[in-house]
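The structure appears below as structure tokens.
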Amino acid sequence: MTVSSWESVEVPAGWTLLVHPELESTNSEVLRRAGQLDHGTVVVAERQTAGRGRRGAPWLARPGEGLTFSVWLRPEAARALWPRLSLAAGLAVAEAMQAFGIEAQIKWPNDLLVDGRKLCGILVEAGAHGVVVGIGINVNGSDFPPELDGQATSMRLAGGRDFEPGEVLGLVLRSLHRLAGRIGADFPELIDRIRERCALRGHRVRLESGSGPLCGVVEGIGDRGELVVVADDGRHEILQAHEVRVVD
Ligand code: BTN
């Protein structure tokens with residue numbers, strides 16, 4: 001297990017770091033305390049007892065092997081644009097990974113993959129006056145619980161060495177700090193960078209959307225962050241992240 005030195009984490013100017021040995025879930029903690037938190041409060045848990053993924057799935061990470069944290073933001077952009085933070089955060093983590101020599105792809109809307117296996121999950125949840133961006137990164141694990149067998153990877157597996165979680169956190173936060181304010185008029189430029197890393201482009205997918213199941217081939221990501229799928233009947237479907245679940 002790598003010992004973290006959180007004191008040396010370089011947090012972006014104006015942001016604050018709070019580290020807890022154990023929490024149920026950093027997202028839940030931030031949402032519970034949201035009224036007292038400033039923009040840019042980062043909550044890290046060395047261990048989560050009830051880490052949460054999208055749609056009620058658990059987020060499993062062994063202490064010392066995963067980096068689990070949430071950032072409380074009060075975006076200037078309109079609330080309707082806050083879901084774009086999933087993609088912006090994915091790009092932020094992917095660009096930080098690149099600085100560590102790891103090429104990660106973005107699986108729309110909220111996962112990062114290396115060689116088809118999940119390295120990082122992102123859970124964005126809106127509160128009354130802001131939004132929490134929760135990020136889980138597999139850092140130094142080399143095996144995973146049986147339920148994740150064959151589906152997960154880590155920075156250690158991808159990069160061939162151990163990584164210092166505090167250093168990873170610092171780099172991801174600085175990257176997120178640069179990108180989180182760009183979900184408004186600047187978003188098309190982010191989308192170009194996200195498209196370069198789109199794991200689903202050209203792939204056949206099965207989706208669950210509000211209007212039922214859908215099979216087709218992903219054409220790409222639209223200018224507003226939507227997934228564009230050419231369905232088997234030839235129709236172009238434009239899907240928003242909150243409306244749809246990529247099944248496989
Ligand atoms: C997913 O893959 O479905 C999203 C996983 C998000 C996990 C992170 S870990 C830190 C933060 N706290 C949580 O309870 N969940 C997010």
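What the table shows:
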| read-out | value |
| --- | --- |
| Positive-end residue of Val217, His236, Val246, charge dipole of segment 204-246 with Cβ unit charges | Val246 |
| Helical mean residue ellipticity (222 nm; -39500 (n - 2.57) per DSSP H run of 4+; nearest 500) of the chain | -6000 deg cm²/dmol |
| Taking segment 204-246 and dividing mean pair separation by its residue count, relative contact order in percent (alpha carbons under 8 Å, at least six apart) | 35 |
| Total charge dipole magnitude, the chain, about the Cα centre, Cβ charges on Lys, Arg, Asp, Glu only, Debye to nearest 20 | 320 |
| Gaussian network model of the chain, Cα within-10 Å springs - most flexible of Asp233, Asp192, Asp115 | Asp233 |
| Tensor-based shape of segment 116-248 (alpha-carbon gyration tensor, a/c under 1.5 rounded, otherwise prolate or oblate) | oblate |
| Whether segment 204-246 is rounded, prolate or oblate, judged on the alpha carbon gyration tensor where a/c under 1.5 counts as rounded | oblate |
| Most mobile listed residue (Leu112, Leu179, Leu207) in the chain, GNM with C-alpha springs under 10 Å | Leu207 |
| GNM flexibility winner over the chain from Gln105, Gln151, Gln36 (Cα, springs under 10 Å) | Gln36 |
| For segment 21-151: rounded, prolate or oblate by the Cα gyration tensor [a/c cutoff 1.5] | oblate |
| Mean separation of Cα contacts under 8 Å (6+ apart) over length of the chain, as relative contact order % | 18 |
| Dipole moment magnitude, nearest 20 debye, segment 204-246 about Cα centre, only Lys, Arg, Asp, Glu C-beta charged | 120 |
| Segment 1-121: relative contact order as a whole-number percent, Cα under 8 Å and 6+ apart | 19 |
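A short reminder: the numbers here are calculations on the coordinates, not readings from a lab. Predicted model only: the values in this text are computed from it and were never measured. Note: ideal-geometry Cβ built from the backbone for every residue, glycine included; neighbour counts use all protein chains shown.
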